[in-house]
Amino acid sequence: MRKVEYLTDGNGQKKAVVVPIALWRQILPQDDGTEEALSETMADYCLGKAMDEAKEDLVYNKTDAMAYLAK
(Lines give C-alpha, C1' and ligand atoms only; values in the text may rest on other atoms or scores of the structure.)
Protein backbone atom coordinates (compact mmCIF):
# COMPACT_ATOMS: atom_id res chain seq x y z
CA MET A 1 0.00 0.00 0.00
CA ARG A 2 1.31 3.41 -0.95
CA LYS A 3 1.20 6.01 1.74
CA VAL A 4 0.34 9.58 0.84
CA GLU A 5 1.40 12.03 3.53
CA TYR A 6 0.19 15.55 4.26
CA LEU A 7 2.28 18.50 5.34
CA THR A 8 0.53 20.83 7.73
CA ASP A 9 1.11 24.33 9.04
CA GLY A 10 1.39 25.28 12.71
CA ASN A 11 -2.42 25.20 13.02
CA GLY A 12 -2.72 21.69 11.63
CA GLN A 13 -4.14 22.86 8.29
CA LYS A 14 -3.10 20.71 5.33
CA LYS A 15 -0.78 22.67 3.02
CA ALA A 16 0.87 20.06 0.77
CA VAL A 17 0.86 16.39 -0.15
CA VAL A 18 3.84 14.06 -0.30
CA VAL A 19 3.27 11.40 -2.95
CA PRO A 20 5.46 8.26 -3.19
CA ILE A 21 7.60 8.32 -6.34
CA ALA A 22 6.02 5.07 -7.64
CA LEU A 23 2.58 6.70 -7.55
CA TRP A 24 3.97 9.93 -9.01
CA ARG A 25 5.33 7.99 -12.00
CA GLN A 26 1.90 6.43 -12.56
CA ILE A 27 0.31 9.88 -12.56
CA LEU A 28 3.01 11.49 -14.73
CA PRO A 29 4.68 8.65 -16.64
CA GLN A 30 6.35 11.08 -19.06
CA ASP A 31 8.16 12.64 -16.06
CA ASP A 32 7.12 16.16 -17.04
CA GLY A 33 6.81 17.68 -13.60
CA THR A 34 5.49 21.04 -14.74
CA GLU A 35 2.47 22.51 -13.02
CA GLU A 36 0.57 22.56 -16.32
CA ALA A 37 1.29 18.88 -17.04
CA LEU A 38 0.26 17.86 -13.54
CA SER A 39 -2.93 19.91 -13.75
CA GLU A 40 -3.91 18.37 -17.09
CA THR A 41 -3.08 14.85 -15.97
CA MET A 42 -5.03 15.20 -12.73
CA ALA A 43 -8.03 16.67 -14.58
CA ASP A 44 -7.96 13.76 -17.05
CA TYR A 45 -7.73 11.26 -14.18
CA CYS A 46 -10.61 12.84 -12.26
CA LEU A 47 -12.79 13.04 -15.36
CA GLY A 48 -12.08 9.39 -16.10
CA LYS A 49 -12.98 8.38 -12.53
CA ALA A 50 -16.20 10.41 -12.69
CA MET A 51 -17.14 8.76 -15.98
CA ASP A 52 -16.43 5.29 -14.54
CA GLU A 53 -18.60 6.05 -11.51
CA ALA A 54 -21.37 7.42 -13.73
CA LYS A 55 -21.48 4.14 -15.66
CA GLU A 56 -22.13 2.28 -12.41
CA ASP A 57 -24.77 4.65 -11.03
CA LEU A 58 -27.07 5.86 -13.76
CA VAL A 59 -29.28 8.76 -12.72
CA TYR A 60 -31.20 8.86 -15.99
CA ASN A 61 -31.95 6.17 -18.50
CA LYS A 62 -31.11 7.00 -22.12
CA THR A 63 -34.60 8.34 -22.95
CA ASP A 64 -34.69 10.61 -19.89
CA ALA A 65 -31.15 11.82 -20.52
CA MET A 66 -31.95 12.73 -24.14
CA ALA A 67 -35.09 14.58 -23.01
CA TYR A 68 -33.06 16.49 -20.42
CA LEU A 69 -30.41 17.45 -22.98
CA ALA A 70 -33.11 18.62 -25.40
CA LYS A 71 -34.29 21.24 -22.88
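Some values worked out for this structure:
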{"read-out": "Net charge of Cβ neighbours under 9 Å - reference Thr8; Lys, Arg +1; Asp, Glu -1", "value": "+1"}
{"read-out": "With every protein chain in place, the chain: carbon and sulfur % of accessible area (1.4 Å)", "value": "55"}
{"read-out": "Total lysine pairs under 21 Å (Cα atoms) in the chain, excluding pairs fewer than 8 apart on one chain", "value": "5"}
{"read-out": "Gyration tensor verdict on the chain (Cα atoms; rounded if a/c is under 1.5, prolate if a/b is larger than b/c, oblate otherwise)", "value": "prolate"}
{"read-out": "Accessible area of the chain divided out per residue, in Å², using a probe of 1.4 angstrom", "value": "92"}
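The values are calculated or read from the model by the stated rules, or taken from the named source; none is laboratory data. All values reported here derive from a predicted model rather than from experimental measurement. Note that we place each Cβ from the backbone using ideal geometry, even for glycine, and neighbour counts take in every protein chain shown. When the accessible area is computed, the model is the full protein with side chains, heavy atoms only, and any ligands, DNA or RNA have been set aside. Shrake-Rupley method; radii C 1.70, N 1.55, O 1.52, S 1.80 Å.
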